[in-house]
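The values are calculated or read from the model by the stated rules, or taken from the named source; none is laboratory data. Note that the structure is a prediction, hence the values are computed from the model and not measured. So basically every Cβ, Gly included, is an ideal-geometry build from the backbone, and we count neighbours across all protein chains shown. What goes into the accessible areas is simple: the full protein's heavy atoms, side chains included, and nothing from ligands, DNA or RNA. Shrake-Rupley method; radii C 1.70, N 1.55, O 1.52, S 1.80 Å.
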Amino acid sequence: SEYGGETLQGPAYGPTSHSTAASSTPSSSSAFRHVVPSRQIVERQPRMLDFRVEYRDRNVDVVLEDSSTVGEIKHILENELQIPASKMLLKGWKTGDVDDSTVLKTLHLPKNNSLYVLTPDLPPPSSSSHSGALQESLNQNFMLIVTHREVQREYNLNFSGSSTIQEVKRNVYDLTSIPVRHQLWEGWPPSATDDSMTLAASGVTFPCHRLTVGRRTSPVQTREQSEEQCTDVHMVSDSDGDDFEDATEFGVDDGEMFGVASSALRKSPMMPENAENEGDALLQFTAEFSSRYGDCHPVYFIGSLEAAFQEAFYGKARDRKLLAIYLHHDDSVLTNVFCSQMLCAESIVSYLSQNFITWAWDMTKEANRARFLTMCTRHFGSVVAQTIRTQKTDQFPLFLIIMGKRSSNEVLNVIQGNTTVDELMMRLMAAMEIFSAQQQEDIKDEDEREARENVKREQDEAYRISLEADRAKREAQEREIAEQFRLEQIRKEQEEEREAIRLSLEQSLPPEPKEESTESVSKLRIRTPSGEFFERRFLASSKLQVVFDFVASKGYPWEEYKLLGTFPRRDVTQLDPNKSLLEVKLYPQETLFLEAKE
């Protein structure tokens, strides 16, 4: 287009939309696989699985045994939807690769499941009957190429055939700020006589139809202007149903309203300006998003972008996910359509919740925009930040698909707001295929690393046990040596003590009397346990203790040895040591022998 056209999705019309007009209530049918009861008695009854399959504006219920295959589901859908099974892409499985031969039992599915069908290679089916053609037209998407006469700007708007002319005009009001009752149209077919008519019934050209809209400047027109307008098909909008656009609801008159953009009517921003705490900002963003577009929307991660990275990328390889960053902009003409029809589509919400961590940011305010670009430069590099910086307002919203890698974070895709549900789903699935391949490599590497670490831990544990055993053995040897040394020291001390006692006793002995002594002398001959003999003379008047001391001085203390007499055999050590040798009859001579005590 010479005006630089922009493609926009209509307000309520996509293959998976659930907010269709009242005149085109989505149809729903059921398909059951009849199970023939077996005559044999089996221990396990077949488990039944329920599938809710969505295709465009239709929902088909399928009930199958878990022993059935994916191909049987497609066969049932082929009969219900009149679509060749080979053209179907059956999506929504929560497991890995699934083909037509996959048995449902192997997927470990819950009782209730939701799937959806994509037919990217299949043109819309046609019907020869008038009623069938009308019904098919209601399901088709019409592109209205609308030119804003005053500013020479062109908009490419996608609408479902079930949309009404009134809905088209209200959407154009959001884009041009021309209230419906002040819109002056050119290009509507003659059959479009009522704003409540659907596009399918209005006679607009499929798939594209050109229209022109301008502002009706004055209710009073000259005759020349009136005659000129009669030569073309002009549709001047009625005031019926225009209360939504009337300025009285906002406390201003029509004249003021003409100069006010639609963004001025918003009650509150998606995110506070100069948001300091990212978690609090995301809480307000989620609440405002739910208020504007309903509760069926992606679950936005509440926290900083760094925390979202940690949640998505830095767990175990099996638990990692892709990171989807939604960049909102209230001043873009695509925002309302993208949010209500793309992000809030059940198939998109379900797919994001299963496979992505979704984080959001509002780029409307310059301070918040600058903050995100700073975060973007830090985490993704200046090239990605420059790419986002150069995006024009009407190219928003943006959807960034991020995959965490070993050394950096890689931006797989930047999806602009000018897209459809099917295209968005296909691009999300394409990103998942890349991520799944990388994830399998990461899982393999992680398993191998854990196996190596387990082996190393086992080796370290065995080495530790060996060291402990060696240390215990060494300590036992050291204790034994220490004990031997201690005992040796005690023995030496005892020997030294005994030697000291012996020397002391030897020195304290009275001198041995001579043989020619005039006093009575007793001669004692003593035999040791080893068979040796030693002799000594004692005065007969000497006490028996002197004999004991003499024997002890030779190394045989009376505490350890007893001194025995021969005839008669008696234990001399049991006698009174204070008696004399004469008194104990060890005179004039006697032979004694030593014997160790028990």
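The table for this structure:
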{"item": "Flag for PHE550 being part of a strand (DSSP E or B) and not small (Gly, Ala, Ser)", "result": "no"}
{"item": "Options VAL151, VAL168: the member that is open to solvent by less than 50 Å² (accessible area, probe 1.4 Å) and either over 23 Å from MET342 (Cβ atoms) or aliphatic (A, V, I, L, M) (or both)", "result": "VAL168"}
{"item": "Contacts under 7 angstrom Cβ, first residue in region 425-443 being open to solvent by less than 70 Å² (accessible area, probe 1.4 Å), partner of a type in the set (D, E, K, R), 6 or more apart", "result": "GLN439/ARG320; ILE443/ARG318"}
{"item": "Failed item in (1) surrounded by fewer than 17 Cβ atoms within 10 Å (Cβ to Cβ); (2) farther than 20 Å from GLU506 by Cβ, with TYR587 passing the rest", "result": "(1)"}
{"item": "Enumeration of residues in region 551-563 that are within 17 Å of TYR587 (Cα to Cα) and either surrounded by fewer than 16 Cβ atoms within 10 Å (Cβ to Cβ) or among the aromatic types (Phe, Trp, Tyr) (or both)", "result": "none"}
{"item": "Any hit, region 323-332, residues being open to solvent by less than 50 Å² (accessible area, probe 1.4 Å) and among the acidic types (Asp, Glu)", "result": "yes"}
{"item": "Any pair with Cβ under 7 angstrom, 6 or more apart, that starts in region 533-546 at a residue that is more than 19 Å from GLU595 (Cβ to Cβ) and open to solvent by 90 Å² or more (accessible area, probe 1.4 Å) and ends at one that is at pLDDT 90 or above and of a type in the set (Lys, Arg)", "result": "LYS543/LYS579"}
{"item": "Top-ranked residue in region 67-97 [being assigned to a loop (DSSP other than H, G, I, E, B) and surrounded by fewer than 16 Cβ atoms within 10 Å (Cβ to Cβ); ranked as farthest from the chain's Cα centre (by Cα)]", "result": "GLN82"}
{"item": "Qualifying residue in region 469-478 (condition: under 24 Å from TYR587 (Cα atoms), part of a helix (DSSP H, G or I) and polar (S, T, N, Q))", "result": "no"}
{"item": "Matching residues, region 353-375, being more than 26 Å from LYS392 (Cα to Cα) and surrounded by fewer than 22 Cβ atoms within 10 Å (Cβ to Cβ)", "result": "SER353, GLN354, ASN355"}
{"item": "Cross-chain or 6+ apart pairs with Cβ under 9 Å, region 444-458 first and under 18 Å from GLY315 (Cα atoms), then open to solvent by less than 80 Å² (accessible area, probe 1.4 Å)", "result": "LYS444/ALA317; ASP445/ALA317; GLU446/ALA317; ASP447/ALA317"}
{"item": "Matching residues, region 405-448, being more than 25 Å from ASP97 (Cβ to Cβ) and modelled with pLDDT of 85 or more", "result": "VAL411, VAL414, GLN416, GLY417, ASN418, THR419, THR420"}
{"item": "Filter pass, ARG498 being open to solvent by 90 Å² or more (accessible area, probe 1.4 Å), touching a residue at least 24 places away in the same chain (Cβ under 8 Å) and not in a loop (DSSP other than H, G, I, E, B)", "result": "yes"}
{"item": "GLN507 being of a type outside the set (D, E, K, R), part of a helix (DSSP H, G or I), touching a Ser or Thr at 6+ places or on another chain (Cβ under 9 Å) and open to solvent by 60 Å² or more (accessible area, probe 1.4 Å)", "result": "yes"}
{"item": "Identity of the residue in region 75-110, closer than 17 Å to ASN355 by Cβ and among the small types (Gly, Ala, Ser), that ends up modelled with the highest pLDDT", "result": "GLY92"}
{"item": "Flag if ILE388 is open to solvent by less than 10 Å² (accessible area, probe 1.4 Å), part of a helix (DSSP H, G or I) and of a type in the set (Val, Ile, Thr)", "result": "yes"}
{"item": "Yes/no for GLU488 being closer than 30 Å to TYR556 by Cβ and either surrounded by 10 or more Cβ atoms within 10 Å (Cβ to Cβ) or in contact with a Gly (Cβ under 8 Å, 6 or more places away or on another chain) (or both)", "result": "yes"}
{"item": "Selected residue (criterion: farthest from ASP280 (Cα to Cα)) from residues of region 338-361 that are in contact with a Cys (Cβ under 8 Å, 6 or more places away or on another chain) and assigned to a helix (DSSP H, G or I)", "result": "GLU346"}
